[in-house]
Every structure is written in C-alpha cells, then in structure tokens.
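So the structure is just underneath, and the comments pick up after that.
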Amino acid sequence: MIVSIASGKGGTGKTSVAVNMALSIGNVQLLDCDVEEPNVHLFLHPDINRVEPVYILVPVVNEELCDHCGKCAEFCRYNAIFVSSERVLIFPELCHSCGGCVLVCPKKVITEEKHRIGTLKSGSAGDLELVYGELEIGEPMPVPIIKEVKRQIKKDRNVILDSPPGTSCPVIETVRGSDFCILVTEPTPFGLHDLKIMVQVLDGMRTPFGVVVNRAEIGDKKVYEYCREKNIAILLEIPYQRKIAELYSRGVPFSLEMPEWKEKFQTLFNEIRELVSK
Amino acid sequence: MKQLTVLSGKGGTGKTTLTASFAVLAKKAVLADCDVDAPDLHMLLHPEIIRTQEFRGSKLAIIDDAKCTECGLCREKCRFDAITEDIKVDPIACEGCGVCTVVCPVNAITLTERISGHAYISKTKYGFMAHAMLSPGEANSGKLVTLVRQNAKILAEKENSDLVIIDGSPGIGCPVIASVTGVDIGLVVTEPTMSGIHDLKRALQLLKHFSVTPFVCVNMHDINKDNTERILSFCEENSIEIAGRIPFNPKVTEAMVSGKTIIEYSPESDVAEEIESIWRKTFSFLKSGSS
C-alpha cells in the first residue's frame, strides 16, 4: 500500500505524521519527496548507504554543423534555447528535458547531455528504509528528482511518501499513484483555505483521502465544519502540546517519548488500510 | 523602487503573518503574494479585486480520435508519461511540450491553450496588491509568480510607491527562485527547530546563489532557546544580518482567526512590538542601501 502525506499549507506537520506513523508500524519504506527541503532524515539519523546524482537531459548543439535556422528555439515551450544568426544559447535551468529540440532539428545536430539537478540518497534507520532526494541550490525543477525517489518504491512494503507543501506540480507528482492520501491541516483560516485547494486537487486525481488535524484546539472550528459538510473523515487529531512542539524542535519523533501515540498511529494506519480495501 | 521578499525554505514559519504586518507598517507599499498555489495573504488584507487576468501557463495536447491510428508513437516519445495505454492524454501529467504533435505520423495531435490560473490586481486598506491563484494541481507556478511581480512593478510605478513587499512560497524551487531574483533583500523567516535550521541554510544558499542580500528573523524564538542561539551564532559567523526574534504568542493565531494582522489585532503585544522593530531595521536598510 502506498500512502502519501500532503497539505496545502506548509508547516502543518506532514513530516511529523510521516515519521511517527513510519516508526509505529512495521515493514516500512519511507520516501521523502520534499526534495527542496527534505527533513525526514533529521528525525531518523539514517545510515546512508547509497548516494547517486540525479540528472536531466539537456540539449547540446554542434555549432559547426548548425545553420541557425531557429527551429529548435521556435519549438521549445520553455524558452530554454535562444538562436541568433551566429550563436545558439542553451539555458539548462529552463529546460524541461522533453527532447523536442532533438526531434525537430532539420540538420540533426542536437544531441543531449546529462545536467545534474540533484542527489538521491537511500539508507536505513533500524528496520525502516529511507529514500530521499535533494535539489541542487539554484535548480528550479524538483519533479525529476521526485520521480527518481519514487522509482525506488518497493510495492511489497508499507510505503509512506512525505510530500512537499503546496498544491502544484511537485505535490501532484508525489501523490500520483498513491492508494491513499493523508491531508494534514491545522484548525486556522490558513489551514482551512489551503486544505480546500488540496481537496480539489485530490478530487481531480480521484485519490481517496482523509484529514489529520494537527495542533487541534488552536484557532477555530471551521475545519471541522468543512469536513462534516463535505463528508471528509477526520482520521486523527494531534493536540497542541508544549511537549510535542519541544520534541519536534529537537528533531525527536514524539511517539518515541510518548508511547501512547504509537498505538494511535497504528490505528490510523489500519484504518487507512481498511478504507483502501473497501 | 526597492523590493523585499519574505521567504523561509520551511513552510509555516510565519511568512504571511510578517508580510501582512509589514503591509500595515509600510502604509504605501505595493504587496505581491507570490505563493500562488496556496495564497493566504488575502485573508489578512482583504483585497478588493479591480482587475482579473487569465493566466495561460502551459498548453495541453489534444488527440483527435477520428484521425488517431493508435500507433503508440506519442506514448513512446512522451517523457512525462502523459499518454495512457489506450492513447489518451493525461491532463495532469501533460506539460504541453509538443513532442507528441511532432512525432504523430497522421497529425492527429494539436496543442490547445489552457487556463492555468488567474492573476489579480486589487486594492487593500494599505495599498495595492498583486496576487494570483494557480488552478489546483497546475504546473508553471514560476511563470505565474513572474506575472504577479510584473503586475506589482507596474502598480508601484503608477502609484509612485517606492517599495514592493513580496510574500514567497515555501521551498527553494521554481516559484521561490522567481520570487527572489533581482530583489534588494530576502528576509528568511525561520523557527528554532532542527527542520527550521536545515531549511534556513538552504534558503540562505539560494539567496547567495542569486546574489540577494539576506536578512534572518527567528519566529517563536522561545520554543527552543538553544536552537535560537545556534541560528544567531550561525548568522554571526556568516555575517548575515539578524532582523530580530519574535516570541511565541497565541495572539498571532487569534489575529488570524479574526482576519486581522497582529499589528491591528494587538498593537501592544510583544509580537507586534518586535515586528515593528524588524520592520524599522529592514526598511532603513532598504532606504539607505546598506545597514
């Protein structure tokens, strides 16, 4: 089963839920898909046994044979190629690696080379397997790294995906193919607003989902009202407790120090399994 | 004209709370909400929309079933796995690159425009505001951020405002890059947690990469004093300006619930006072061009 953990708003507790759930159940493969700001490893201190670069393919033009017809630049939807009468300029950080320029070049003088955009790391913490990616500073596109992280999925494991915040392409890429998505929110106007956007996204993707309310009791009741109206299951509430916040700040998964939570995360996972098998 | 971007790396550290407060304190700045896939600034500043623009960020491939022979070449050449086994376009995966239109032997595929969101120009009590809403699940947020920033610039010129305050999104990828390029200060809001510190460092590297002057502000500094010390000494070692540290105060959430900035909701609070001090420090740097 593949369960992803997402939220429109940042800082609602995605990583906390992912890590604590992962530590409470067995046979887990945890994938941190927030490759811009991966944080899962800060809580698990894994032994990293594999580090690999992640590349995308970007065009290279053989300028000696190029007649500067400009067809490649005309085709490129991402403005990654600029052709003047005597030069071709390539901007790898704008390239989406679609390969179209190679196909349209009438003289066949464009080839592709690897351009490094990040790193893939994998390792283990106890019997838990962890995979995460890291986007190079200044590179704009996290999606190819997320794809690489997800290529490591082992379907016979309990796979947990920690998503980046937001509601756009990196989130879609993470959630795509999940059996279930947990939406973590907080009971505040910002939390609710961004939750509603994520609900639209998941409805569009036809991915089943449920809500975890973090920092319950702060703010107002509107998240609950919204979920009731929309018939969205609230799977778990995590209260705002100084101890939880303090453990989080030190990078300690709170279920390790507060064992009663282990059981709650197990129940959460079992409930999801039941919802999925229905 | 000066531009200030509030960013964070990690989400939920208080970017919007700070940006909205700055809007009140600055009085006549132009505001830009560049978190286009989860914009929240409008909930504190209540803009009245005066103009709406359609945003056409990307195209979408359409297959003409009458012409299609289901040869599968498009599926083979698409690098975004956007053509399904039964040769249909998956609109979520399609990036509108156009490769399928080129390889289709019977010219059955065309690209169509799609509306990927809306950009708005609005009026608030505290000045004009440029903002946007990316359609749920759409790509190209960087392009929409660029449009919001262009709108903000035009507004600033028209209104004779010499300051644009930009609310960024979490992360360090395309929308954040589009929010920080060419600005005068990148104010990173962080929190004294292991995640906050890790993400702050990456956000600072991003600012360095794009030669933007960094300022750092620690929010909820009293939830872990050791970590706050760590952040402050890291900044000192790297000669990074510390704009201030904001205490934890439940009034911030109360203010949000009542749809107000903390400056309006509780002007006497410790949080409001510290934000004012951060604002003065940041603004005087912007005015003088040095600290």
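What to note about this one:
- Subset tally (residues that are part of a strand (DSSP E or B) and within 11 Å of chain B (Cβ to nearest Cβ)) for the stretch A:186-238: 2
- Across the stretch A:203-257, the qualifying residues are those that are among the β-branched types (Val, Ile, Thr) and more than 20 Å from A:THR267 (Cα to Cα), and the one among them that is surrounded by the fewest Cβ atoms within 10 Å (Cβ to Cβ) is A:VAL252.
- Residue in the stretch B:77-97 that is surrounded by the fewest Cβ atoms within 10 Å (Cβ to Cβ), counting only those that are within 10 Å of another protein chain (Cβ to nearest Cβ) and acidic (Asp, Glu): B:ASP81
- Exactly one residue among B:VAL176, B:VAL145, B:VAL103 is surrounded by fewer than 21 Cβ atoms within 10 Å (Cβ to Cβ) and at pLDDT 95 or above, and that residue is B:VAL103.
- For the stretch B:185-209, taking the residues that are assigned to a loop (DSSP other than H, G, I, E, B) and in contact with a helix residue (DSSP H, G or I) (Cβ under 6 Å, 6 or more places away or on another chain), the one that is nearest to the other protein chains (Cβ to nearest Cβ) is identified as B:THR193.
- Checking each residue in the stretch A:241-260 for being of a type in the set (Gly, Ala, Ser), under 15 Å from B:ILE197 (Cβ atoms) and part of a helix (DSSP H, G or I) picks out only A:SER249.
- Index of the failed condition, A:VAL102 passing every other in (1) within 14 Å of chain B (Cβ to nearest Cβ); (2) over 30 Å from A:ASN20 (Cβ atoms); (3) outside any helix (DSSP H, G or I): (3)
- Residue that is farthest from the other protein chains (Cβ to nearest Cβ) [pool: residues in the stretch B:246-260 that are in contact with a helix residue (DSSP H, G or I) (Cβ under 8 Å, 6 or more places away or on another chain) and in a loop (DSSP other than H, G, I, E, B)]: B:PRO247
- Within the stretch A:249-258, at least one residue is among the polar types (S, T, N, Q) and under 25 Å from the mean Cα position of the chain (by Cα).
- The numbered conditions (1) surrounded by fewer than 17 Cβ atoms within 10 Å (Cβ to Cβ); (2) more than 14 Å from every other protein chain (Cβ to nearest Cβ); (3) in contact (Cβ under 8 Å) with a residue 60 or more places away in the chain are all true for A:HIS45 except (2).
- Within the stretch A:92-132, the set of residues being under 23 Å from B:ASP81 (Cβ atoms), more than 21 Å from the chain's Cα centre (by Cα) and of a type in the set (Asp, Glu) comprises A:GLU112, A:GLU113.
- Just one of the listed residues (B:ILE240, B:ILE166) is surrounded by 24 or more Cβ atoms within 10 Å (Cβ to Cβ) and either at the interface with another protein chain (Cβ under 10 Å from one of its Cβ atoms) or at pLDDT 95 or above (or both), namely B:ILE166.
The values are calculated or read from the model by the stated rules, or taken from the named source; none is laboratory data. Fair warning: this is a prediction, and the values are worked out from it, not measured in the lab. As a convention, Cβ positions derive from the backbone with ideal geometry for all residues, glycine included, and neighbour counts pool all protein chains shown.
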